[in-house]
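First comes the structure, then the notes that go with it.
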Amino acid sequence: MLLSVIILILLAYWVLGTVLFFMQPTFIFSPNRFVPFTPAELGLPFEKVTLRTTDMVLLSAWFVPANGAENTILFCHAKGGNVSYYLDSVNIFNELGFNVLIFDYRGYGNSHGKKPTEQGTYLDAEAAYDWLTHHRGLKPEDIIIFGRSLGGSIAANLASQVKAKGLVVESCFTSFPDIGVKCYPYMPVRLFARYEFKTGEYLKKVECPVLIIHSRNDETVPFEFGLRLYEQYANEPKDFLEIYGCHNDGFLYSGEVYRKGLADWVESLEEIKAQQKRNFKIVS
């Protein structure tokens, strides 16, 4: 009888592990092809943009200008939906005086590609950055790379390879295996993880100023992950903005705390830039 119970437990454990292994793509990516809204619904002028990746995938994107903007946010959205799901963020950035380039990963919205992949998302972000620097002619020091949740890892990867004015990582994990262990501590997650998304390791290579944003009430990616990204991985100069609210609505629920925190941080980048110029003159 005892042996039978043990066998049943092991069988159930094996079945659960198998299910989790094959369901990993759905944990990471939740694309939606239907794009019901555009920035026009918010009264925002915008340009429809087509990006081309180095592996020849065409991506759909929107460039939303702001009057008199000096900075442009390259926004890497979270795992769910498509660009139309993030119009609230686009509106906030616009009201704060930032241009925005928001794009869909392959397999999302109107972007080509059958399904997203980890390496594919990195190439997608690179294509968005290249469009800003080559097509729009923007200088790297005028671009802020911004990523939310899964997009935080994609943004950190991009910022580890290119120059930028700053990097914002919001509501993100240290790595996919780390968040997997947190959610399924009884499973050997690190042995069968099919994705890496090593946000922390990417942050170690980022040289521009970094802002980590996280809610203490985040039910999906616990607050401890934001603290670890800030304390253990991000290089100076770095800042931490604590917001409140759930994983998907903290930026809205926090209201002025979120807006002012982001605006103040961007303003501080100007002083950092000025100090760097003064130091350069002294050295030269």
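Say whether the condition of being modelled with pLDDT of 95 or more, surrounded by fewer than 17 Cβ atoms within 10 Å (Cβ to Cβ) and more than 23 Å from GLU118 (Cβ to Cβ) is met by at least one residue in the stretch 11-34. Don't jump to the end; show me each part of the working.
Residues of the stretch 11-34 that are modelled with pLDDT of 95 or more, as a first pass: 31-34.
Remaining after also requiring surrounded by fewer than 17 Cβ atoms within 10 Å (Cβ to Cβ): 32-34.
Filter once more, so that each one left must be more than 23 Å from GLU118 (Cβ to Cβ): 34.
There is at least one residue in the stretch 11-34 that is modelled with pLDDT of 95 or more, surrounded by fewer than 17 Cβ atoms within 10 Å (Cβ to Cβ) and more than 23 Å from GLU118 (Cβ to Cβ).
Summed over the stretch 35-74, the residues that are under 19 Å from PHE98 (Cβ atoms) and either touching a helix residue (DSSP H, G or I) at 6+ places or on another chain (Cβ under 6 Å) or surrounded by 14 or more Cβ atoms within 10 Å (Cβ to Cβ) (or both) give a count of 17.
Every residue in the stretch 35-62 that is in contact (Cβ under 8 Å) with a residue 24 or more places away in the chain and either in contact with a Pro (Cβ under 8 Å, 6 or more places away or on another chain) or over 18 Å from TRP131 (Cβ atoms) (or both), please. I'd like the intermediate steps shown before the answer.
Residues of the stretch 35-62 in contact (Cβ under 8 Å) with a residue 24 or more places away in the chain: 35-39, 41-42, 44, 49, 51-55, 57-62.
VAL35, PRO36, PHE37, THR38, PRO39, GLU41, LEU42, LEU44, TRP62, listed by residue number.
Only one of the numbered conditions (1) surrounded by fewer than 24 Cβ atoms within 10 Å (Cβ to Cβ); (2) in contact with a helix residue (DSSP H, G or I) (Cβ under 9 Å, 6 or more places away or on another chain) is not met by THR121, and that is (1).
Looking only at helices (runs of 4 or more DSSP H) that fall completely inside the stretch 168-284, which ones have 2 or more residues that are modelled with pLDDT of 95 or more and surrounded by fewer than 20 Cβ atoms within 10 Å (Cβ to Cβ)?
On the way: elements: 176-183, 189-192, 199-204, 223-228, 250-253, 256-283.
It comes to 199-204, 223-228, 256-283.
Scanning the stretch 241-257 for residues that are closer than 21 Å to ILE154 by Cβ and over 16 Å from the mean Cα position of the chain (by Cα) yields one hit, ILE243. When we screen LEU59, LEU74 for residues that are of a type outside the set (D, E, K, R) and within 30 Å of GLU267 (Cβ to Cβ), the only hit is LEU74.
The values are calculated or read from the model by the stated rules, or taken from the named source; none is laboratory data. Since the model is a prediction, treat every value here as computed from it, not as a measurement. We place every Cβ from the backbone using ideal geometry, glycine too, and count neighbours over all the protein chains shown.
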